Structures are given as C-alpha cells and as structure tokens.
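Read the structure below first, then the notes.
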Amino acid sequence: MLDNFLHVDDFTDSQLIEILDKSKWIKDKFKQRADYTPLKGMTMAMIFAKPSARTRISFETGFFRMGGHALFLGPNDIGIGKRESVADVARVVSRFNDIIMARLFDHKHVLELAEHSSVPVINGLTDFNHPCQIVADLFTVYETIGRYKDFTISYVGDGNNITHSWIELAMILPIKLNVVCPESYKPDMSLVQKAKDKGLSEINIIHDPHEGVRDSDIVYTDVWASMGQKEEADERRKIFNPYQVNSALFNATGKDSYFMHCLPAERGVEVTDNICDHKNSIIFRQAENRMHAQNAIVLHLLKK
Ligand code: CP
Ligand code: NVA
C-alpha cells in the first residue's frame, strides 16, 4: 500500500520517533546550508482550497531546498470537487507529480484524494485535523524540554482540527492531554473515546480554564473561529472569553510553562500580546519547525 500522511497516527511510534530524529538532522543540514538535494528532478503539487502562510511557505521552501520543485495550486486553480471530481484530480495530478500536499475543507476529500492518487498524499489541514502541525509541534516540544512523551499539555480553546491531531498523537505516544474548552465546543468525542480506549495517554476534557491548565508543561491555543467559521467569530468571542490565554491563565499552571500556538494568532482575542511575546513563548520556533518536520515526512514518504 502507498504511504500517505493523513493523520498523526498513520505513523507508528517508532516511525514518528524516526521522523523526529530526521527533523533534527535535516534542520542541522539546513542551518549549515549544506548541499543536500535528494529531491533533484522531483515535483510536489500543493493544492490549497483554503488560505495559508506557514504551510505553503514551509513546504515550498523545504522542497526547493532539497533540490525539487513545488507547484502552488491555489483555491481558484483546480477547483477540487467543484470544477473536477476529487478522484479525477487525484488521477491527473499524480501523473505529473511525485507527491501531493493538499489543504482542503472536507476531510473525506483528502481521504478520497489519497485513495485515487498513484503518489503519496500529505494532509496540509482539513476541517478535521492538521497532522503536519502536530509533528512539528512535537519536534518543538522535544527541542524545548528534551522529551517527546510524558509531558502535560493543556490545549485551551475550540475542540478543532488542531485538537484532533493532538488526540491522534496521544494514541501513539504517552502524554497527558487536557482539552480545556466550553461545553458545546468539545472535540469529536468518538475520537476522544478511541484514544482513551487505546489506554496509552491520559486525556481529560475540562471546562474550567484555570483548573484545566494546572501543572501543565505547555499551554497551547488556537483561533476560536477557524477558516470556514469566520462568520461565527462574534458569537464565539463571547463564549470563549474566559478561555483567553492571558497572564492570569498562563500563571495558573503554577510552573515555568511554555506557550504554543499553531498561528496565525488573533492577538488580543484567544491570546494576549504579552503571552505571545513571553520569554517562554515558542511560537516562532514552532513555525520554523514546520519546514524541518515536513522535510522529514516528505523524505520518509518518498523513501529518500
Ligand atoms: N499553522 C498553519 O498551518 O499556518 P497557515 O494556515 O498559515 O499555513
Ligand atoms: N484551526 C485553524 C488552524 C489554522 C492553522 C484553522 O483551521 O483555521
């Protein structure tokens, strides 16, 4: 079967640890500006149905610097599922390219793309999950605290695509994950149950923000209204207000904790400026590490 990367738990624990090691290795190579071009002559199609900064820039830059060429196909180019069926897009694009990365709305579409593609497919975010982000996040945690397991992370905010990929991670490496969210914005509880049934990690759904972050090594947040939900932003702001990561909430960990955010952040909404710019904020290292972690994922899928 073709290797794709659509969910964090598509990797086994040992594959994920290999990816983390490779991320470090390739990060060092990039820092040295070493001549490393294993992807010479190869192309990656990047299909975007939603906007992006980090995902586009990190994939395009990373692929280019490893010797290949990445094609940006924006929302008005392919019209995936509209101008042409997802299956036919997969059949056509995979005849031209060695690998596909796609950022789509409907998670079923990325599954369908992978099913009909003759080359590996990487999920660059759907409404359901964002696996590349969480691999980069884990690499960042590893660099920061020296462990890729046995840490406590409190994800504060909407039970969204980022939350789901943290839950996927909790199925392959043992962590303590607190999802701290309003009652009506919980993550997919069938996924939570599946992760709990694995019995590897402790996963708690907590509604009290201060109780939720207590003793956490990491406090993580994301926008309250994701792409595709922006018309709900005003209503969500009222509901999520107690979940803003500000000094009071960040200090409620009772520890020298780190702050993470997948970005883009709405400063002054889900997080205050002083926490984004806090000495223990690792948000920009997290952003940079998207490229190194994804390079490792691409090399793994292309067997390089
Ligand atoms: N974190 C992330 O995926 O950022 P972009 O939406 O800018 O790609
Ligand atoms: N939850 C956010 C993540 C952006 C990287 C969104 O889907 O818009």
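Counting only residues that are closer than 12 Å to Val180 by Cα and touching a helix residue (DSSP H, G or I) at 6+ places or on another chain (Cβ under 8 Å), which one in segment 208-220 is farthest from ligand 1 (Cβ to nearest atom)? For segment 208-220, the residue satisfying everything is His210.
Looking at the structure I just gave you, is Gln133 in a helix (DSSP H, G or I), away from ligand 1 (no atom under 16 Å from the Cβ), on the phi < 0 side of the Ramachandran plot and at pLDDT 95 or above? Answer is no for this residue. Within segment 261-272, one or more residues are crowded, with 18+ Cβ neighbours inside 10 Å, within 16 Å of ligand 1 (Cβ to nearest atom), under 14 Å from the mean Cα position of the chain (by Cα) and on the phi < 0 side of the Ramachandran plot. Just one residue in the set Asp222, Asp188, Asp208, Asp197 is in contact (Cβ under 8 Å) with a residue 60 or more places away in the chain, surrounded by fewer than 21 Cβ atoms within 10 Å (Cβ to Cβ) and either acidic (Asp, Glu) or in contact with a Cys (Cβ under 6 Å, 6 or more places away or on another chain) (or both); that residue is Asp188. Residues that are within 16 Å of ligand 2 (Cβ to nearest atom), over 30 Å from Ala252 (Cα atoms) and part of a loop (DSSP other than H, G, I, E, B): does segment 142-158 have at least one? Checked against the condition, which is being within 16 Å of ligand 2 (Cβ to nearest atom), over 30 Å from Ala252 (Cα atoms) and part of a loop (DSSP other than H, G, I, E, B), segment 142-158 yields no hits at all. Filtering segment 94-113 to residues that are buried (at least 22 other Cβ atoms within 10 Å of the Cβ) and of a type in the set (A, V, I, L, M, F, W, C) leaves Ile99, Ile100, Met101, Ala102, Leu104, Val110, Leu113. Taking segment 189-209 as the range and being assigned to a helix (DSSP H, G or I) and over 29 Å from Asn241 (Cα atoms) as the test, the residues that pass are Lys194, Asp197, Lys198. What is the one condition in (1) touching a strand residue (DSSP E or B) at 6+ places or on another chain (Cβ under 7 Å); (2) surrounded by 23 or more Cβ atoms within 10 Å (Cβ to Cβ) that Asn295 does not satisfy? Status for Asn295: all satisfied but (1).
The values are calculated or read from the model by the stated rules, or taken from the named source; none is laboratory data. In this text the structure is predicted, and so the values were computed from the model without any measurement. Quick reminder, even Gly has a Cβ in these numbers, built from the backbone with ideal geometry, and neighbours come from all protein chains shown.
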